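Since the structure comes first, as structure tokens, the remarks are kept for the end.
The values are calculated or read from the model by the stated rules, or taken from the named source; none is laboratory data. If you're wondering where the values come from, they're calculated on a predicted model, not measured in any experiment. Here the Cβ is made from the backbone with ideal geometry for all residues, glycine too, and neighbour counts use every protein chain on show. Calculation scope for accessible area: heavy atoms of the full protein, side chains included, ligands and nucleic acids excluded. Shrake-Rupley method; radii C 1.70, N 1.55, O 1.52, S 1.80 Å.
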Amino acid sequence: MQLPETLDGWLNVLEARHAQTIQLGLDRVRAVRNALQLPQTCPVITVGGTNGKGSTCALLESVLLAAGYRVGVYTSPHLLRYNERVRIDGRDAPDALLVDAFGEVERARGEIPLTYFEHGTLAAWVAFSRSGLDAVILEVGLGGRLDAVNVFEPDCAIVTSVAMDHMDFLGDTREAIGFEKAGIFRSGRPAICSDPLPPASLIAHAEAIGANLWVSGRDFGFSGDQNQWAFWIAGGSRRGGLAYPALRGTNQLLNAAAVMAACEALRDVLPVPMQAVRQGFMLVDLPGRFQVLPGRPTVVLDVAHNPQAAGVLGENLASMGFFPETWAVMGMLADKDVAGVVRLLKDRVDHWMVASLPGPRGLGADALAAILRECGAGGDIHECASPREAYAHTRERAAEGDRIVVFGSFLTVADVLAARKAQ
């Protein structure tokens, strides 16, 4: 096979090559990793969990950059460009670096089949190995124990939350899912859990392997008022007078406290001064996570796509103040708990603009509208062919003082962002 010479060419090849987009297991990825012969040369922090992974990675990246480190970050999915998944020293990786990395993985894999995500994970590692980094942050794609990211050995692992999502792959109980998330923990290494009520399975696994487990509310935590907050470690130090992170949302202190706990746990290998923590939290930016756009009417973008995230979105909307009318631009995947999301948000929306999403997993607007009606959602419901069409219709109808909330999937937010960019 002649190797593609462009990033789009590579992405087209990988999308066409492997019809099964999710294939859990580490043997194939580990074999190709070994063939690449690229050792770990700097501390690695792995971040898993149901919700909050992206925010935690962004906070941690911002803090480490403020401390003067060269940082590599691998996350997924992306919103507008694949390059968003691989960040090096605070910038999206250039096409040329990714093209070379995809080619190196292709040559190393031989006849071993890799999924789109697995090939991308290994390519990110190649790109990082070529970039002279001081630290690498890896976000788990799905679960933890059998995710491709787990072939790399973390110096510290963070599990942000454990909730019901991806149940076809991870199990249909919180205990089963918690065990899968805990698979990124390592013996004798810091294991941070920012879920204040983790499943017993997560704690049991950490104890069984001898991980150094820190649980939010037990081993570390936070307190705060309207103006500032404080971080504490059980039996240890307390850091007060902290400004709230630039990321909006009531849940961000859970993520910020986990980042501070990780910095404390890694202080011997990645020392971070408090000034860098303050600066990093102040400058952090992450599109699509309760992102409030400038202008009127007020537009909120949130990739919330499961009940736990929808509950947080509802709390955040309630804290925003008064708006005469709230318009929802909503599109979701069929394999999500759509009814669970609707039940948590149905009383906060006056008008529903529901959109079809593409692909085999995409839910049609008609099916989404039917679920809204079954759940007793109030207000009028309009069906649209795409999120960008739903957003355009909403902008035509919403008054200047109203609020528009775009949510339900990364695909929904990405389509609206792309439409705005094209204007």
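Quick one: VAL300 ticks every box in (1) at pLDDT 95 or above; (2) part of a loop (DSSP other than H, G, I, E, B) except a single one, so which number is it?
VAL300 satisfies every listed condition except (2).
Working carefully through the options GLU15, GLU61, GLU84, find the one that is among the charged types (D, E, K, R), at pLDDT below 95 and assigned to a helix (DSSP H, G or I).
GLU15
Checking the conditions here, which among ARG289, ARG267 is under 22 Å from VAL73 (Cα atoms), of a type in the set (Lys, Arg) and under 24 Å from the mean Cα position of the chain (by Cα)?
Going through ARG289, ARG267 in turn, just one is under 22 Å from VAL73 (Cα atoms), of a type in the set (Lys, Arg) and under 24 Å from the mean Cα position of the chain (by Cα): ARG289.
Out of all the residues in region 208-228, is one or more closer than 21 Å to ALA58 by Cβ, in a loop (DSSP other than H, G, I, E, B) and among the hydroxyl-bearing types (Ser, Thr, Tyr)?
No - not one qualifying residue is present in region 208-228.
Going through region 108-139 one residue at a time, which ones are in a helix (DSSP H, G or I) and either free of Cβ contacts under 8 Å to residues at least 60 places away in the same chain or touching a Gly at 6+ places or on another chain (Cβ under 7 Å) (or both)?
Passing the criteria: PHE117, ALA123, ALA124, ALA127, PHE128.
If ALA200 meets every condition in (1) open to solvent by 50 Å² or more (accessible area, probe 1.4 Å); (2) in contact (Cβ under 8 Å) with a residue 60 or more places away in the chain; (3) under 30 Å from GLY171 (Cβ atoms); (4) among the hydrophobic types (A, V, I, L, M, F, W, C) apart from one, which number is that one?
Of the numbered conditions (1) open to solvent by 50 Å² or more (accessible area, probe 1.4 Å); (2) in contact (Cβ under 8 Å) with a residue 60 or more places away in the chain; (3) under 30 Å from GLY171 (Cβ atoms); (4) among the hydrophobic types (A, V, I, L, M, F, W, C), the odd one out for ALA200 is (2).
Take the residues of region 215-264 that are under 18 Å from GLY54 (Cβ atoms) and β-branched (Val, Ile, Thr): which is nearest to the chain's Cα centre (by Cα)?
This residue is VAL259.
Pairs needed: first member in region 140-154, open to solvent by 10 Å² or more (accessible area, probe 1.4 Å); second member anywhere, hydroxyl-bearing (Ser, Thr, Tyr); C-beta distance under 6 Å; at least 6 residues apart or different chains.
Every condition considered, the pairs that remain are GLY141/SER76.
Quick test for you: out of LEU333, LEU317, LEU283, LEU293, pick the one residue that is within 24 Å of PHE222 (Cα to Cα) and open to solvent by less than 40 Å² (accessible area, probe 1.4 Å).
Residue meeting the stated conditions: LEU317.
Taking only region 155-197 into account, find how many residues are small (Gly, Ala, Ser), within 20 Å of GLU61 (Cα to Cα) and either open to solvent by 20 Å² or more (accessible area, probe 1.4 Å) or in a loop (DSSP other than H, G, I, E, B) (or both).
2
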